[in-house]
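The values are calculated or read from the model by the stated rules, or taken from the named source; none is laboratory data. Owing to the predicted nature of the structure, the values given are computational and were not obtained by experimental measurement. Note that we place each Cβ from the backbone using ideal geometry, even for glycine, and neighbour counts take in every protein chain shown.
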Amino acid sequence: MDYACGSGADCSMAAPGGPCYLPDTLVAHASYAFNSYWQRTRVAGGTCDFGGAAMLVTRDPSYDGCQYIYM
């Protein structure tokens, strides 16, 4: 997650006070960060595997006020 947030992902949405902060779990925060990273870097060849910690999904993971970005 640190790599994603430091390499192009917009992790502010999953930061304290952000709409994707809750649930306050590593899995939830990483999910948002990994998606943001991939959406922002895929056209330049970014990958989304994160050493097996991530996976592609076909269902929108957005919930309540937390909207995952699709570019």
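Of the listed requirements (1) of a type in the set (A, V, I, L, M); (2) buried (at least 18 other Cβ atoms within 10 Å of the Cβ); (3) free of Cβ contacts under 8 Å to residues at least 24 places away in the same chain, residue 55 misses just one: (2). For region 39-61, the criterion of being in contact with an Asp or Glu (Cβ under 8 Å, 6 or more places away or on another chain), closer than 16 Å to residue 5 by Cα and not aromatic (Phe, Trp, Tyr) is satisfied by at least one residue. Just one residue in the set 49, 24, 64, 2 is charged (D, E, K, R) and at pLDDT 95 or above; that residue is 24. Among the residues of region 25-38, those that are more than 15 Å from residue 62 (Cα to Cα) and either in a helix (DSSP H, G or I) or of a type outside the set (Val, Ile, Thr) (or both) comprise 26, 37, 38.
Looking across region 1-24, just one residue is assigned to a loop (DSSP other than H, G, I, E, B), within 13 Å of the chain's Cα centre (by Cα) and among the acidic types (Asp, Glu), and that is 10.
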